[in-house]
Every structure is written in structure tokens, then in C-alpha cells.
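Below is one structure; the comments refer to it alone.
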Amino acid sequence: MKDGIKNSGGNLCLHLMGNLNHFIGAVLGKTGYVRNREAEFETKGLTKQELLVMISETQAMLQLTFPMLTDNDLEREYPVDFMGKHTTAWYLNQFLLHFQYHLGQLNYHRRII
């Protein structure tokens, strides 16, 4: 890892998959996923193939969960309050912004390497 980069691309990938699986999968889709946020940043040595499998599994979860959400679900208060009381639609937007932020970090990693 280059000097000044705190989190590797692999750890950012784990963090994003953990975030999506927790806040969308477990909270909205009732998947039973249990998040270990510390492991998202401490786990080392996973292969590209292992990360790709995790991405595919997360994508499959999203493809099952999003169609279940109704307009009423989106207008309801999100079940977990960690940034204030807001609608599910508001939180989904925040999750998208969070994802984009870290995707930007990954793009900088790509440019450095």
C-alpha cells in the first residue's frame, strides 16, 4: 500500500459490501446479515476472486431487496436512527452518497497504482 493511503482498495470494498448488506440487506430486506465493521478494515489478504464473489452476493441481495420496497416503505421513517429521524428514501440517498465517496477513493487508488 502506498504511503498516505490508510485503507486498501480491498478494505474499501469490504466496507462498502458491509454497509450495503447491513443497512439495506439486514435492515430493509431482513436478510439476517450481521455486520462486523472492524473486520471490514482489519481483514487482509483476500483474493480478487473472493472480493468479486462478495460483490456478486451483495448485488444479488440488492436485486431481491429493492423490488420489495413500496412507495410507502420509502416514505416511512427508516427503522434505524443513526443520522436523525428521516425517511427510508432519505437514508437510501445517504447510502448512495457514501458509496460514491468511497468509489472516488478507489478511483484515486487506481490512478496511483
Odd one out for Gly84, checked against (1) open to solvent by 60 Å² or more (accessible area, probe 1.4 Å); (2) outside any helix (DSSP H, G or I): (1)
Region 87-113: number of residues that are more than 17 Å from Lys30 (Cβ to Cβ), in a helix (DSSP H, G or I), touching a helix residue (DSSP H, G or I) at 6+ places or on another chain (Cβ under 8 Å) and hydroxyl-bearing (Ser, Thr, Tyr): 0
Residue in region 61-75 that is open to solvent by 70 Å² or more (accessible area, probe 1.4 Å), under 22 Å from His102 (Cα atoms) and out of contact with any Pro (no Cβ under 6 Å at 6 or more places or on another chain) present: yes
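The values are calculated or read from the model by the stated rules, or taken from the named source; none is laboratory data. Keep in mind the model is a prediction, meaning the values are calculated, not measured. Using ideal geometry, Cβ is built from the backbone for each residue, glycine included, and neighbour counts are taken over all protein chains shown. Surface accessibility is based on the protein's heavy atoms, side chains included, excluding ligands, DNA and RNA. Shrake-Rupley method; radii C 1.70, N 1.55, O 1.52, S 1.80 Å.
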